[in-house]
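K.L.:
Take a look at this one; I'll ask things after.
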Amino acid sequence: MDAWWAWSDAWIFIGVFVGLRIAFIWLATQFIVALIPEGNRCVTCGEETQPLVHEGGWHLLGQRFHRRFCLSCSWEGVARTPSTKRGKRPPRPPRSKPPAPRAPRTPRAPAPR
Ligand SMILES: [Zn+2]
């Protein structure tokens, strides 16, 4: 019995199909994520929004997304939490220490004349 297809061909087809599907889902996810506003600014009026308490299945979205509510225009929606990309956290600026008051090592000597 001669099959007109072989399993090796089928695996290649399945592999390409699954790969395309994964790529499409990844692209769609990136597109949707790009649509979600980032930060805590309101999309419509630019005012600062207040975070809403996660209820129900919202925690499934993870720490990256938060429901936010605008007090000015009562906008409500999902916003991304800024700078929480895993592994791409921007380096913190080095905390500049306030300059310590330099204590005079020697008692004040009279200025040489
Ligand atoms: Zn607003």
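K.L.:
State which residue is modelled with the lowest pLDDT when the search covers only region 62-81 and only residues that are under 16 Å from I32 (Cα atoms) and either exposed (fewer than 13 other Cβ atoms within 10 Å of the Cβ) or in contact with a Pro (Cβ under 8 Å, 6 or more places away or on another chain) (or both). Reasoning before the result, please.
P.N.:
Pass one, region 62-81, residues under 16 Å from I32 (Cα atoms): 62, 64-67, 77-81.
Adding the requirement that they be either exposed (fewer than 13 other Cβ atoms within 10 Å of the Cβ) or in contact with a Pro (Cβ under 8 Å, 6 or more places away or on another chain) (or both) leaves 62, 66-67, 77, 79-80.
Details: G62: 71, H66: 81, R67: 85, G77: 87, A79: 87, R80: 85.
Only one residue fits best here, namely G62.
Residue by residue, here is whether (1) modelled with pLDDT under 90; (2) of a type outside the set (A, V, I, L, M); (3) surrounded by 13 or more Cβ atoms within 10 Å (Cβ to Cβ); (4) within 15 Å of the ligand (Cβ to nearest atom) holds:
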site	(1), (2), (3), (4)
V16	no, no, no, no
V33	yes, no, no, no
R41	yes, yes, yes, yes
V53	yes, no, no, no
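K.L.:
Based on what the data block shows, is P90 modelled with pLDDT under 85, away from the ligand (no atom under 16 Å from the Cβ), touching a Ser or Thr at 6+ places or on another chain (Cβ under 7 Å) and not charged (D, E, K, R)? Write out each step before concluding.
P.N.:
Values: modelled with pLDDT under 85: yes; away from the ligand (no atom under 16 Å from the Cβ): yes; touching a Ser or Thr at 6+ places or on another chain (Cβ under 7 Å): yes; not charged (D, E, K, R): yes.
Answer is yes for this residue.
The values are calculated or read from the model by the stated rules, or taken from the named source; none is laboratory data. Values in this document were obtained by computation on a predicted structure and should not be read as measured data. Quick reminder, even Gly has a Cβ in these numbers, built from the backbone with ideal geometry, and neighbours come from all protein chains shown.
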